[in-house]
């Protein structure tokens, strides 16, 4: 039987060994364990794919309904300067894309390419949207067909867009110019930064006859601002108008 002194010495040794094992285990855990995250190139945690789904802000491509493009149309701005409009819809609730690459192509009546424009679009969540490109110089050739395609794989992420209201006011047309005014209102208690707005004019045939874009750097909380869209030529009074906004937010 061990004496009291021997028992105390044995307990001390056992405690020291246990402490050493605990420290070694903790060091090994933190040295070799990689906590799940959304940028390590590995599917881990509750992700549904590599760095997407679960708690990640990025949504996996397999869970995305591709945006629908309802129509594409060229619109004349002046003389041999044209623009192009893609009218689309994103049905993904609470999910959008900040940079979706695309290409517009204008063709003449012989199906020869007149102009090609590449760009990136902000696609807002769960709403109809418009993509507009202007200042396409055609050299006097008239576009008879317009094509639009998304290029490559776009990154979609969870996002919430503030709900604004837009009230279209006056359309005016005169000697060599036309304009449309609208009031955009921010009913929220926070200022909203970087708002992109596009106005579309529709003729009696239901087709887009004009498009113009403007931008607001900031719209203060519970306030409104006037959106002014202009065209450098006289346009017929539209049968109806639409104004589409996108809240780009802070860069």
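Just so it is clear, none of the values below were taken in a lab; they were calculated from the coordinates. Fair warning: this is a prediction, and the values are worked out from it, not measured in the lab.
Of note:
- Extents of region 206-251, largest first, come to 36, 19, 17 Å (Cα atoms, principal axes, whole angstrom).
- Kirkwood Rh and Cα Rg combined as Rg/Rh, region 37-86: 1.40
- Degrees, to the nearest 10: 4-32 long Cα axis against longest axis of the chain: 20 degrees
- Judged by the ratio a/c of the largest to the smallest principal axis of the C-alpha gyration tensor, region 136-199 counts as oblate, that ratio being 1.5 or greater while a/b is no larger than b/c.
- Spatial extent of region 162-251: Rg and Dmax, with the Cα atoms as the point set, Å: 13.9, 42
- Extension reserve of the residue 128-residue 70 stretch, reckoned as 0.36 nm per residue once the Cα distance is removed: 19.9 nm
- Taken over the Cα atoms of region 37-165, the convex hull encloses 121 Å³ per residue.
- Cα-Cα separations in the chain greater than 35 Å, expressed as whole percent: 36 percent
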